[in-house]
Amino acid sequence: MLPTRLFSRVAVSGCRRLLSGSSQLVQLREQSASDGVVSIELCRKPANAMNGELAAQFNKALLQAEKSGARAVLLRSQLAGIFSAGFELTELAGSNRERLIEFYTEIQELFLNLFGTDLVVIAQIQVRFVVIAQIQGHCMAGAMALSLSSDYRLMSSNPKLLTGLNETQFGVAPPVWLVELFRFVAGNRNCERLVAAGQLIGPQAALEAGLVDELFDNEAELLKKTESTLSRYLAVSPRARADVKRMLRSNLINRLDSARQEDMNAFCDYVLDSRVQAQLGQYLDKLKAKKA
Amino acid sequence: MLPTRLFSRVAVSGCRRLLSGSSQLVQLREQSASDGVVSIELCRKPANAMNGELAAQFNKALLQAEKSGARAVLLRSQLAGIFSAGFELTELAGSNRERLIEFYTEIQELFLNLFGTDLVVIAQIQVRFVVIAQIQGHCMAGAMALSLSSDYRLMSSNPKLLTGLNETQFGVAPPVWLVELFRFVAGNRNCERLVAAGQLIGPQAALEAGLVDELFDNEAELLKKTESTLSRYLAVSPRARADVKRMLRSNLINRLDSARQEDMNAFCDYVLDSRVQAQLGQYLDKLKAKKA
Amino acid sequence: MLPTRLFSRVAVSGCRRLLSGSSQLVQLREQSASDGVVSIELCRKPANAMNGELAAQFNKALLQAEKSGARAVLLRSQLAGIFSAGFELTELAGSNRERLIEFYTEIQELFLNLFGTDLVVIAQIQVRFVVIAQIQGHCMAGAMALSLSSDYRLMSSNPKLLTGLNETQFGVAPPVWLVELFRFVAGNRNCERLVAAGQLIGPQAALEAGLVDELFDNEAELLKKTESTLSRYLAVSPRARADVKRMLRSNLINRLDSARQEDMNAFCDYVLDSRVQAQLGQYLDKLKAKKA
């Protein structure tokens, strides 16, 4: 059995609090009213780094898409060249347990909501949209939760773009569910080979490893491939589609959902470890030096 | 531990009853007496749709192959351009629970017998043949149970041919064991990407997704590749080969075998659901309209 | 939880006993003191067949590498054209239970130590080196434990070379952990297709099946690719890298570690079975006839 309500009280209320008076980091836009297609767009400059607020706004956008009766969600970035750089590192470096819990609660919600799209009942509404990621820029670290949880992934063929889990490069291991999600999509071998060494790869290599489903060369091709993907998914019974998805994903969802508290404790302990904090500090210093 | 006798009493007696006075839908033919090679051939016009009777005859043919001491079975269709279109939809649309149980019992037997070939003891005889699927035509929906359960799959390279699980296109999800079998062979990602959208693919894409092992361009090449496959498999110890197969398949076999009744109930409830019946009705009407 | 001490008392003492007065079958050499790179080299003529003594020396070399504070181990053969032919068959044919236990204990240690490198604590020292296999010759049967357990695999592109699990060709199934390891790396389908028929494949096919990660054309390219692999792995936090590896491998390690005694009994029963002994005898006779 799947949890019938993944959006927890904490997240929804957190949502409300965070959104009052704060800037917009995620935008929900209607694309095609007749087809029920909406887009959820990341717009937190400069790199869509995922802080707690962005995650909360993302969770709220999913809920709104749901309530609007959307049949499909296009997931993308409004910033040129970057889909998302992953978790906001300043949420981790120099943080404390209370702040980490606030941040990571939203992240857990985001992951379970998105990976479980189609499978969960939110506020008595049966979620029934397909999620297509349009990856036009770098997509790395925590942002892989967004792309890998989607139903289908289109990525720009621009050879300068990079994707992958590079957490070990800044001294930490990704949370276990992120590694499991990567393994779910790309298999044991690709996962170990790439994630252990924190390797980022280009679009062609990502296609070969199964991390994305199709590449596009330009905006026109992106539109065309989005159209054909949409038409394929919207042609089939949403219920039957969700039944298939449940068969394939429920195992991982249940495992992660039932281990939330454990995952939270492990995450906090790990990040607050003095050696990890030192590694994070060094990494942030390096980034600053680069910019200067 | 694997079940030692998968052919249930019900199926064997069902077999007998169904076969008396009915036409031949499955034919067992000797191919090479010296090598112990036989073929099991589907011959139900126009598309080898799998009804309960075809499944019962198939199960009986497996038993006979076994009793004859066969070392290898070639699995194929006698109809040009079609391997099999899958379950006979009129077995599902407008049916009732009793008829569904009769149908689905034979289907469960067929799947477990074929997927467990080499691993099970039927009537005290140790099954020890390798199954090679020769796919010369479309192979879709329930028929994937035949191809994916085989030990090796050869498919015609004719680009017009299609294969896959397209059940969601007619409003239903495939039974869980069929999805699990697809995932077992092709991996999580190929499975979700293709099965959720009910996508059928051509031979080249099927080869790349791992759904078939080799393509052949014509009859001569089919014979040649069948020969070399046979010689590879027949050269090794049948017992050692079965031991390897057991290590890899027993998990899935045991899970499905122990959940037979549950699977039966789920299947009947699902198919008899009024929304699913409506979807099936619409799909059959569309097919009729196409033909007219 | 992972076992904190995989090297058992038996193996370490076995080690000592076997090494006193015996020739050197495995050599530990320093490669680059500044980078902490060492090599473990197999040197048992003519084919690096793995007997109990070779396995014991290998286990000791791993311990020594550890104690020396190595950060990376290059795994290779000193013999031209052969990485290793796998288990020494004369350890199996005509053996008795006592000798088999002695042999197989070292083999189990070797596998768990190597597959669990980075994850286990040996004599209070946290193992933290990456293992790169440099496969310049045939690598088959039991020797796959060496290559598949490594973190990264480079193989010569020489098309005459062969790799795979060919045990069924000499009448036995590989031990379950070896099959599971193959499946872990190459997936269900590649595993069943290749291992059931005992098929050996060339470097290009091995690359496509995921059994190796990269090919090299000559010694210069081997050096270059080893360098770049080392620089990638040594650039990341060893602790974070080990954390990722643990997430991916601990399941399989725990399963196999907790079933050691069972595996030992199954191995001995299997090998001592009169039919298996007959098959092994036939195979060894064939080999002798070939040489004569």
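The values are calculated or read from the model by the stated rules, or taken from the named source; none is laboratory data. The model shown is predicted, which means the values in this text are computed figures rather than measured ones. Cβ atoms come from the backbone with ideal geometry, glycine included; neighbour counts cover every protein chain shown. These accessible areas exclude ligands, DNA and RNA; they are computed on the full protein's heavy atoms, side chains included. Shrake-Rupley method; radii C 1.70, N 1.55, O 1.52, S 1.80 Å.
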Legend entry - Length gained when the stretch residue C:101-residue C:292 is fully extended (0.36 nm per residue, less Cα-Cα span): 65.5 nm
Legend entry - Long-range HN-HN contacts of residue A:216 with modeled amide H, under 5 Å: A:155, A:156, A:157
Inset, instruction - Go through A:262, C:167, B:91, C:221 and list them by solvent-accessible area, largest first, probe radius 1.4 Å. - result: A:262, C:221, B:91, C:167
Legend entry - Kirkwood-based shape ratio for segment A:173-258, expressed as Rg/Rh from alpha carbons: 1.04
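Rank these residues by their accessible area, most exposed first, probe 1.4 Å: C:106, A:88, A:102.
A:102, A:88, C:106
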Inset, instruction - For peptide C:241-251, compute the average count of partner chain beta-carbon atoms within 10 Å of each residue's beta-carbon. - result: 6
Legend entry - Links that overshoot a 22 Å alpha carbon limit, given the list C:45/C:225; C:60/C:160; A:245/B:291; A:290/C:245; B:45/B:288; A:45/A:290: C:45/C:225; C:60/C:160; A:245/B:291; A:290/C:245
Inset, instruction - Let me have the relative contact order for segment A:5-291, percent, based on Cα pairs under 8 Å that are six or more residues apart. - result: 17
Inset, instruction - Could you tell me whether segment B:217-267 comes out rounded, prolate or oblate from its Cα gyration tensor? Rule is a ≥ b ≥ c as square roots of the eigenvalues, rounded for a/c under 1.5, then prolate if a/b exceeds b/c, otherwise oblate. - result: oblate
Legend entry - Computed log₁₀ I(q)/I(0) - Debye formula, equal Cα scatterers, no solvent, the protein assembly as shown, q 0.05, 0.06 Å⁻¹: -0.30, -0.43
Legend entry - Antiparallel %, DSSP beta bridges [both residues in the protein assembly as shown], to 5: 30
Inset, instruction - Take every DSSP beta bridge with both residues inside chain B and express the antiparallel ones as a percent of the total, to the nearest 5. - result: 30
Inset, instruction - Identify all aspartates and glutamates with a Cα-Cα distance to residue C:286 below 18 Å; exclude those on the same chain that are fewer than 8 residues away in sequence. - result: C:88, C:91, C:167
Legend entry - Spherically averaged projected area in nm², based on the convex hull that wraps the Cα atoms of segment C:5-291: 14.4
Inset, instruction - Could you tell me the distance between the Cα centroids of segment B:249-272 and segment A:243-292, to the nearest Å? - result: 36
Legend entry - Rounded accessible area per residue of segment A:48-195, 1.4 Å, Å²: 26
